[in-house]
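Here's a structure for you.
The values are calculated or read from the model by the stated rules, or taken from the named source; none is laboratory data. Only a predicted model underlies this, so the values are computations on that prediction, with no experimental measurement involved. Virtual Cβ from ideal backbone geometry, glycine too; neighbours counted across all protein chains shown.
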Amino acid sequence: MVKVLFVCLGNICRSPMAEAVFRELVRKEGLSDQIEVDSCGTGHWHVGQPPHEGTLKVLKKHGIPSDGLRGRVLTKEDIETFDYIIAMDESNVENILWRCDERSRHKVHRLLDFSPEIPVRDVPDPYYDGRFDYVYDLISTGAKNLLEHIKKEALHVSEA
Ligand code: 4NP
């Protein structure tokens with residue numbers, strides 16, 4: 001099993017959106033028994049809460065299930081057990097790395113690092129400006145490219 005963890009600050013806007021989008025892609029490709037997906041935040045404010053209504057609305061608009069998503073905080077165990085720790089922006093990367101020891105640093109990436117065709121590297125926080133549709137577009141492309149990367153690197157699936 002390959003384990004993928006999406007991380008943002010609050011775990012109510014970006015990372016639960018990425019979790020839901022990525023899980024749906026994995027399901028559509030018939031890889032649900034090979035890839036496990038989760039998300040969390042580095043801040044404690046929204047523990048136990050469902051995603052922001054902007055995230056729920058955009059997922060619904062694109063027909064992506066959002067049930068079961070609840071805010072939680074990144075733990076030491078997450079860093080040990082997940083294979084891919086995927087941050088939404090550079091400040092998330094910094095927050096993860098200071099909790100990481102040397103052995104786990106290679107697991108930490110930014111989502112858009114797998115999408116060189118996109119001219120930005122950070123998925124911006126929609127919590128303050130409400131740009132959930134723009135964030136969805138970035139996450140949707142980023143998730144597709146991440147899945148292709150994982151298929152080659154970890155599942156050894158070569159392109160047809
Ligand atoms: P997220 O957005 O990191 O994409 O979930 C945020 C949600 C809440 C807060 C910050 C960012 N907050 O400060 O409560």
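Might you let me know whether the range 105-114 holds any residue that is touching a residue at least 40 places away in the same chain (Cβ under 8 Å), within 16 Å of the ligand (Cβ to nearest atom) and out of contact with any Lys or Arg (no Cβ under 8 Å at 6 or more places or on another chain)?
Step one: list which residues in the range 105-114 are touching a residue at least 40 places away in the same chain (Cβ under 8 Å), which gives 111.
Subset that is within 16 Å of the ligand (Cβ to nearest atom): 111.
Now restrict to residues that are out of contact with any Lys or Arg (no Cβ under 8 Å at 6 or more places or on another chain): 111.
For the range 105-114, residues touching a residue at least 40 places away in the same chain (Cβ under 8 Å), within 16 Å of the ligand (Cβ to nearest atom) and out of contact with any Lys or Arg (no Cβ under 8 Å at 6 or more places or on another chain): present.
Next question. For the range 18-74, what are the residues that are polar (S, T, N, Q) and either in contact with a helix residue (DSSP H, G or I) (Cβ under 6 Å, 6 or more places away or on another chain) or at pLDDT below 95 (or both)? Please lay out each step first, then the result.
Keep residues of the range 18-74 that are polar (S, T, N, Q), which gives 32, 34, 39, 42, 49, 55, 66.
Ser32, Ser39, Thr42, Thr55, Ser66 - these are the residues of the range 18-74 that are polar (S, T, N, Q) and either in contact with a helix residue (DSSP H, G or I) (Cβ under 6 Å, 6 or more places away or on another chain) or at pLDDT below 95 (or both).
While we're on this one: Out of Ile35, Ile64, I need the residue that is surrounded by fewer than 24 Cβ atoms within 10 Å (Cβ to Cβ), away from the ligand (no atom under 14 Å from the Cβ), over 28 Å from Arg99 (Cα atoms) and in contact (Cβ under 8 Å) with a residue 24 or more places away in the chain. Which one?
Values: Ile35 fails: over 28 Å from Arg99 (Cα atoms).
None of the others qualify; the one that does is Ile64.
Quick one: what pairs do we get from the range 3-15, first residue modelled with pLDDT of 95 or more, second among the basic types (Lys, Arg), C-beta under 8 Å, 6+ apart or different chains?
Every condition considered, the pairs that remain are Phe6/Arg14; Cys8/Arg14; Asn11/Arg72.
Give me the residue from the range 1-32 that is basic (Lys, Arg) and either within 16 Å of the ligand (Cβ to nearest atom) or assigned to a strand (DSSP E or B) (or both) and, out of that set, nearest to Glu148 (Cα to Cα). Give the steps one after another, and end with the answer.
Taking the range 1-32 as the starting set, the residues that turn out to be basic (Lys, Arg) are 3, 14, 23, 27-28.
From the residues that got through so far, the ones that are either within 16 Å of the ligand (Cβ to nearest atom) or assigned to a strand (DSSP E or B) (or both) too are 3, 14.
Values: Lys3: 15, Arg14: 20 Å.
Looking at residues that are basic (Lys, Arg) and either within 16 Å of the ligand (Cβ to nearest atom) or assigned to a strand (DSSP E or B) (or both), I get Lys3.
Does the range 30-85 hold any residues that are over 18 Å from Met17 (Cα atoms) and hydrophobic (A, V, I, L, M, F, W, C), and which are they?
Leu31, Ile79, Phe82
Given (1) touching a strand residue (DSSP E or B) at 6+ places or on another chain (Cβ under 9 Å); (2) surrounded by 13 or more Cβ atoms within 10 Å (Cβ to Cβ); (3) without any contact (Cβ under 8 Å) to a residue 60 or more places away in the chain, where does Asp83 come up short, assuming only one miss?
(3)
Hey, another quick one. Only one of (1) surrounded by fewer than 22 Cβ atoms within 10 Å (Cβ to Cβ); (2) more than 21 Å from Leu112 (Cβ to Cβ) fails for Gly71. Which number is that?
(1)
Assess whether Pro50 counts as being surrounded by 14 or more Cβ atoms within 10 Å (Cβ to Cβ), more than 14 Å from the chain's Cα centre (by Cα) and part of a loop (DSSP other than H, G, I, E, B). Even if it seems obvious, please write down each step before you answer.
Numbers: surrounded by 14 or more Cβ atoms within 10 Å (Cβ to Cβ): yes; more than 14 Å from the chain's Cα centre (by Cα): yes; part of a loop (DSSP other than H, G, I, E, B): yes.
So Pro50 fits the description; yes.
Among helices (runs of 4 or more DSSP H) lying entirely in the range 75-160, which contain 2 or more residues that are at pLDDT 95 or above, under 22 Å from Lys60 (Cβ atoms) and under 13 Å from the mean Cα position of the chain (by Cα)? If you could, list the steps in order and put the result at the bottom.
Values: elements: 76-81, 90-97, 126-129, 132-153.
The qualifying helices (runs of 4 or more DSSP H) are 132-153.
I've got another one for you. Can you report the number of residues in the range 93-124 which are within 12 Å of Cys8 (Cα to Cα) and basic (Lys, Arg)?
Qualifying residue count for the region: 1.
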